[in-house]
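Q: I am attaching a structure below and will ask some questions about it afterwards.
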Amino acid sequence: MTNPVKQIGIIGLGLIGSSIAHGVRRWRPEMRVVGYDRDSAVRQQAAALGFCHSVADTPAALGQGTDLLMLAVPVGSMGAALAEVAAHLPAGAIVSDVGSVKQAVIEALMPLLPAGVHLVPGHPVAGTEQSGPEAGFAELFQDRWCILTPVPGCPDWANEVVSDLWQSLGSQVTTMDAPHHDLVLAITSHIPHLIAFTIVGTATGLAESTQREVIQFSAGGFRDFTRIAAGDPIMWRDIFLNNRDAVLEMLGRLTEDLTAMQRAIRFGDGLQMAEVFTRARAIRRTLVQANQHVPPQKPKAAST
Ligand code: NAP
C-alpha cells in the first residue's frame, strides 16, 4: 500500500494530540504536521514547544491541504471540532479520531462528513494522568494497543492508512465493532476510573482527622486510586455522558459481584474470597506477561 498522506492536521493539542505530533515528527518525517486548538494559550504553547511544523490560527486554515485529520478533543466536542473544519478539507481526505468512546463519536461525526471524505474511528489505549500540550511525548503509544472501529462504506485503503500511521507510532492495531469496543472499555477503563473518582470522594468526605490519616497511610492502596482519579475532569465527564448504556450494564454486573463479596465477608466465607482473589491475581500475571502493567512515562529528555 502506498500512503498518500502528505499533511496530518491535528485538532486538540493536549496530551494525545501533542503526542501524535511528536510521534509523526519522529517516525513519519515525510508528513507535514499542522495543529489547531481552540484555546489560544494552548496554540501559543504548542508553537513555542515546536512539535508541529505550523500551528493554524483557525480550523479553516488547518483544513487546507490536510489529507488526514486527527480529532484529539474530548469526546463531547468531536462533532463541534469537525463541523468547523469539514468544508475546508480536500476531497478524498480521511477523518480519524482518538476518542475513548466510539459509537457516540461515530454518530456525531458521520452526518458532518462531506461527500468523498472518509471516516476511520480509532482509540489509542494509551494515556497518562497529565493533560495539555506539555504533557505529550513521542513514545506514549509504543507497545500499546490502538483499536480501530471501521464504519461501513469506508474504503479499505483509508482504514489501512490510519492503521499504518498507528503502527509507525509503535502501536499494535486491532479492529472491533464500535458497540463491542464501548462495552470492553467500560469494564477495563471507564468503571475503574469511576470507582477511583468515587473512593477518593468518599475519603475526602471523611472527618478532618481521618482525612489526615488517609494521606499518611495512602501506600496501603489508596495512592493507586488517586493516581487514576487525577485524569482530566472534562474528558472523563464526556466519557460517562457518551458511554452511558455500556457503563450502566457493566456497573450492574459489578454491583452484583460486590454484593456477593459483601455476603462472603458478612458470613465469613473465606473459600469464596480466596477463590475470587486467586483469579484476580492470575489476571494480573497475564497483564505483566503482556507488558501492559506499567503506565507509560514521559522520558526526562525532550522528545520530538
Ligand atoms: P487534553 O489534554 O485535555 O486536550 C484536549 C484539548 O482539546 C484541549 O486543549 C481543549 O481545549 C481542546 N479542545 C476542546 N474542544 C475543542 C474544539 N472544539 N476545537 C479545538 N480544540 C478543542 O485531552 P487529551 O487527554 O489529549 O484527550 C483528548 C482525547 O483523547 C479525548 O477524546 C480522550 O477521550 C482521548 N483519549 C485520552 C486518553 C488519556 O489518557 N488522556 C487516552 C486515550 C484517548 P479546552 O481546554 O479549551 O477545552
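The values are calculated or read from the model by the stated rules, or taken from the named source; none is laboratory data. Owing to the predicted nature of the structure, the values given are computational and were not obtained by experimental measurement. Note that each Cβ is placed from the backbone with ideal geometry, even for glycine, and that neighbours are counted across all protein chains shown.
Q: Being surrounded by 16 or more Cβ atoms within 10 Å (Cβ to Cβ) and of a type in the set (S, T, Y) is the filter; apply it to region 169-205 and report the residue that is nearest to G17 (Cα to Cα).
A: S171
Q: Within region 221-243, which residues are more than 16 Å from E107 (Cα to Cα) and near the ligand (Cβ under 10 Å from one of its atoms)?
A: Matches in region 221-243: G231, D232, P233, I234, M235, W236.
Q: Okay, next question. Take V42 and tell me if it is touching a residue at least 40 places away in the same chain (Cβ under 8 Å), near the ligand (Cβ under 9 Å from one of its atoms) and farther than 28 Å from V173 by Cβ.
A: Answer is yes for this residue.
Q: Right, another one. Where residues in region 105-153 are assigned to a strand (DSSP E or B) and of a type in the set (A, V, I, L, M), which of them is surrounded by the fewest Cβ atoms within 10 Å (Cβ to Cβ)?
A: Selected residue: L148.
Q: If you don't mind, there's one more thing I want to ask. So E208 ticks every box in (1) more than 16 Å from the ligand (Cβ to nearest atom); (2) surrounded by 16 or more Cβ atoms within 10 Å (Cβ to Cβ) but one. Which box is left unticked?
A: (2)
Q: So, in region 90-134, of the ones that are of a type in the set (D, E) and over 18 Å from N243 (Cα atoms), which residue ends up nearest to the ligand (Cβ to nearest atom)?
A: Once the filter is applied, the top-ranked residue is E129.
Q: Let me ask another. I'd like the full set of residues that are aromatic (F, W, Y) and farther than 26 Å from H118 by Cα, limited to region 135-153.
A: Of everything in region 135-153, just one residue is aromatic (F, W, Y) and farther than 26 Å from H118 by Cα, namely F137.
Q: Identify all residues within region 218-228 that are more than 15 Å from the chain's Cα centre (by Cα) and surrounded by 14 or more Cβ atoms within 10 Å (Cβ to Cβ); write none if there are none.
A: Residues satisfying the conditions are S218, F222, F225, T226.
Q: Could you give every pair whose Cβ atoms fall below 6 Å, whose first residue belongs to region 110-124 and is more than 18 Å from W157 (Cα to Cα), and whose second residue is in a loop (DSSP other than H, G, I, E, B) and of a type in the set (V, I, T), counting only separations of at least 6 or pairs across chains?
A: Sorted first by the residue in region 110-124, then by its partner, the pairs are P124/V98.
Q: Looking at (1) over 22 Å from H123 (Cα atoms); (2) small (G, A, S); (3) touching a Gly at 6+ places or on another chain (Cβ under 9 Å); (4) modelled with pLDDT of 95 or more, which is the one condition that is false for A41?
A: It fails just one condition, (3).
Residues checked against (1) within 22 Å of the chain's Cα centre (by Cα); (2) farther than 16 Å from G14 by Cβ; (3) not β-branched (V, I, T):
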site: F51; (1), (2), (3): yes, no, yes
site: A61; (1), (2), (3): no, yes, yes
site: A93; (1), (2), (3): no, yes, yes
site: G99; (1), (2), (3): yes, no, yes
site: A104; (1), (2), (3): yes, yes, yes
site: A108; (1), (2), (3): yes, yes, yes
site: Q130; (1), (2), (3): yes, no, yes
site: P133; (1), (2), (3): yes, no, yes
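Q: Name the helices (runs of 4 or more DSSP H) wholly within region 189-287 that hold at least 1 residues that are among the small types (G, A, S)?
A: 191-204, 208-216, 244-266
Q: Looking at this structure, is L169 in contact (Cβ under 8 Å) with a residue 60 or more places away in the chain, within 15 Å of the ligand (Cβ to nearest atom) and more than 30 Å from G221 (Cα to Cα)?
A: It is true that L169 is in contact (Cβ under 8 Å) with a residue 60 or more places away in the chain, within 15 Å of the ligand (Cβ to nearest atom) and more than 30 Å from G221 (Cα to Cα).
Q: Being surrounded by fewer than 10 Cβ atoms within 10 Å (Cβ to Cβ) and among the basic types (K, R) is the filter here; which residues of region 261-278 pass it?
A: Listed by number, the list holds a single entry, R266.
Q: Considering every residue within region 52-67, establish whether at least one is at pLDDT 95 or above and within 23 Å of T128 (Cα to Cα).
A: yes
Q: May I ask you to list pairs of residues, at least six apart or on different chains, whose Cβ atoms are under 8 Å apart, with the first in region 127-138 being over 17 Å from V42 (Cβ atoms) and the second being among the polar types (S, T, N, Q)?
A: Once the first residue is over 17 Å from V42 (Cβ atoms) and sits in region 127-138, its partners that are among the polar types (S, T, N, Q) give T128/Q297; A138/S19; A138/S303; A138/T304.
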